[in-house]
1. Can you find a residue that is more than 16 Å from the ligand (Cβ to nearest atom) and open to solvent by less than 10 Å² (accessible area, probe 1.4 Å) anywhere in region 578-595?
2. So which residues in region 425-461 are closer than 30 Å to residue 499 by Cβ and in contact with a His (Cβ under 9 Å, 6 or more places away or on another chain), if there are any at all?
3. Can you name the residue in region 63-89 that is exposed (fewer than 13 other Cβ atoms within 10 Å of the Cβ) and in contact (Cβ under 8 Å) with a residue 24 or more places away in the chain and is also farthest from residue 173 (Cα to Cα) among such residues?
4. Name the residue that is most open to solvent (accessible area, probe 1.4 Å), counting only residues in region 262-282 that are touching a residue at least 60 places away in the same chain (Cβ under 8 Å) and assigned to a strand (DSSP E or B).
5. Checking residue 575 against (1) in a loop (DSSP other than H, G, I, E, B); (2) out of contact with any Ser or Thr (no Cβ under 6 Å at 6 or more places or on another chain); (3) away from the ligand (no atom under 15 Å from the Cβ); (4) touching a residue at least 24 places away in the same chain (Cβ under 8 Å), only one condition comes out false. Which one?
6. Examine region 387-401 for a residue that is in a helix (DSSP H, G or I), open to solvent by 10 Å² or more (accessible area, probe 1.4 Å), within 27 Å of residue 295 (Cα to Cα) and at pLDDT 95 or above, and state whether such a residue exists.
7. With the requirement that a residue be among the basic types (Lys, Arg) and either out of contact with any Leu (no Cβ under 9 Å at 6 or more places or on another chain) or open to solvent by less than 10 Å² (accessible area, probe 1.4 Å) (or both), what does region 541-563 give you?
Amino acid sequence: MTNLLRCLTFTLCLPFLSARGAAQVAPLIANINARQTTSLDGQWQAIVDPYDVGWLDYRAQPLENNHAFYKNYKPQSESELVEYDFDTSGQLHVPGDWNTQRESLLFYEGSVWYKRSFDYTKSGKNRLFLHFGACNYFAAVYLNGEELGEHEGGFTPFDFEITDRVRAHGNFLVVRVNNARGKDQVPTVNTDWWNYGGITRPVTLVEVPETFVQDYLVQLEKGSTHQIKGWLQLNGPQPQQTVKIRIAEIGLVQTVQTDSNGRGEFSFGADLTLWSPENPKLYTVEIAAETDQVIDRIGFRSIEARGTDIVLNGKPVFLRGISIHEEAPTRPGRAWSEDDGRTLLGWARELGCNFVRLAHYPHNESMLRMADQMGLMVWAEVPVYWTIQWENPQTLRNAENQLNDMIVRDENRAALIIYSVANETPVSEARNRFLRQLIQDAHSADPTRLVSAALQAHEVTERERITIHLDDPIASDLDVLGNNEYIGWHSRRPDEADAIDWVSPYGKPMIMSEFGGDALYGYHGDARKRWTEEYQENLYEHQLAMLKRIPFLRGMSPWVLKDFRSPRRVLPGFQDYFNRKGLFSDHGEKKKAFFVLQKFYRELQNAQYLSN
Ligand code: GCU
């Protein structure tokens, strides 16, 4: 693991730092749920601030006095003017997007201030960190009236060290979250998903020893099914320690010495039962340093691309997948909990999936851990979506940072097999350079996994036959080629797929990362009638027949598991701000096409098509 990528985190947040030199986001602590934690979830006081009066004066200059909301200031006399009060301003639930908590905030894009009071007594020389699972899109964080720092990016975790800032009593934590869209951001201003704002994932106090195990990687060496290769990173005044790595179930104990930077590298053989969809074996792995101990549940599997095959544990595999947005299965809004993950992945399992594409941004950690437990291979993606500012170095660093944090958080998840660096991005030299940088970052940060992107191929029509060519210039840099196509919906009739062939000069495996069409659940009619379940059903039948004929196809993740909110979908009576390409409605009802795909996956499974 190169340190370059990990130090990117620091540099990225510099531009947002206020002149006051606030704290910085701390290096991400891995596996926080295995630490001594205190949840700050629940009802938080909240102020909706569309004009940012909470931190800017009428000249749009940063406020430094008690008028700044992060001061949480109360009038000291009946004549003192204070124009905000958290305690009488209503509440919002954390974690949760604000859009689905109040009708008035459904379309809201701007700042919302959150306040949470808490007492905390830390023991001895221990250190204390404040961990956010995610805030969309930009967060400025303050503790007891002082700035801790800022974070950009709506789908990755961040920490602040508050060891010397926390009080035993009367702490007030204030967070300004802003989800306003910006051209230079990642994602940029245009997405086909709802711009849910807020503190969308859990907030946790994490108490650790003075020198603690900050991060680690314990996975199989690339291409091996028995050699574990990894590293660990201590953080604190005692960097040089003897650390034991234990996998009690196989009687394995390995000793590692950390160096003066607190880093220890290791490689050792182990006789393991490999993780796979039909046997998602997880081991209890203990990392015991002299001053700290962390326990994780880790699976071991090897994943490679060999020619046009995707090879799991040495055997070619076909990825029977579905694409999923991070929306709660049975209630409006963002998903974040284990139950949400269990239900969504349970639906994918019911479809006959062994693979899920978590689109288009890093989903919550519990989703990845649930996929580990349930035996679903995962495609994870950073929101480099459509038309990003390819020439903007800040935008590139932002994308690199999000990629880095996604890898840091999930690199020990056996389920995670593919990193995707982009979705449907228009070919240009600047774009190619941008994506090549991300591909290189992913490969150097984690050489054990495959790197892909959702590309778009081009049609060539000769007489009756249509040939679609994969010809994206960055395909040569990828391990696996993803491709999105909407034959039968955005272009052509469904039956025209019968005359379509696919060619690729790359000799690499392809995953059809998106295909599908909209249907309103319960709306029935002729298969040629748009929006009917019969149209979607028919589209799937023709699609699956076409896909079967693609010689280098090694997986698919149809668009999409469940209808989801989108500001781009405005057709009354049919869309009503929902993308209706789900196989489940937004109320969890199965559409006819669900059964077409389920039957197809059962046939593949029974036919041992490319095994398991
Ligand atoms: C695109 C895109 C999705 C979108 C889908 C659609 O391919 O990647 O984010 O929702 O098409 O049009 O439904």
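1. Within region 578-595, one or more residues are more than 16 Å from the ligand (Cβ to nearest atom) and open to solvent by less than 10 Å² (accessible area, probe 1.4 Å).
2. 454, 457, 458, 459, 460
3. Only one residue tops the list, namely 83.
4. 279
5. (3)
6. No, region 387-401 contains no residue that is in a helix (DSSP H, G or I), open to solvent by 10 Å² or more (accessible area, probe 1.4 Å), within 27 Å of residue 295 (Cα to Cα) and at pLDDT 95 or above.
7. Result: 548, 549.
This table checks each residue for (1) buried (at least 20 other Cβ atoms within 10 Å of the Cβ); (2) away from the ligand (no atom under 16 Å from the Cβ); (3) under 23 Å from residue 378 (Cα atoms); (4) of a type in the set (Gly, Ala, Ser).
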residue: 425; (1), (2), (3), (4): yes, no, yes, no
residue: 432; (1), (2), (3), (4): no, yes, no, no
residue: 436; (1), (2), (3), (4): no, yes, yes, no
residue: 440; (1), (2), (3), (4): no, yes, yes, no
residue: 443; (1), (2), (3), (4): no, yes, yes, no
residue: 451; (1), (2), (3), (4): yes, yes, yes, no
residue: 455; (1), (2), (3), (4): yes, no, yes, no
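The values are calculated or read from the model by the stated rules, or taken from the named source; none is laboratory data. Only a predicted model underlies this, so the values are computations on that prediction, with no experimental measurement involved. Glycine also receives a Cβ, built like all others from the backbone with ideal geometry; neighbour counts cover every protein chain displayed. Note: areas computed on protein heavy atoms with side chains; ligands, DNA, RNA excluded. Shrake-Rupley method; radii C 1.70, N 1.55, O 1.52, S 1.80 Å.
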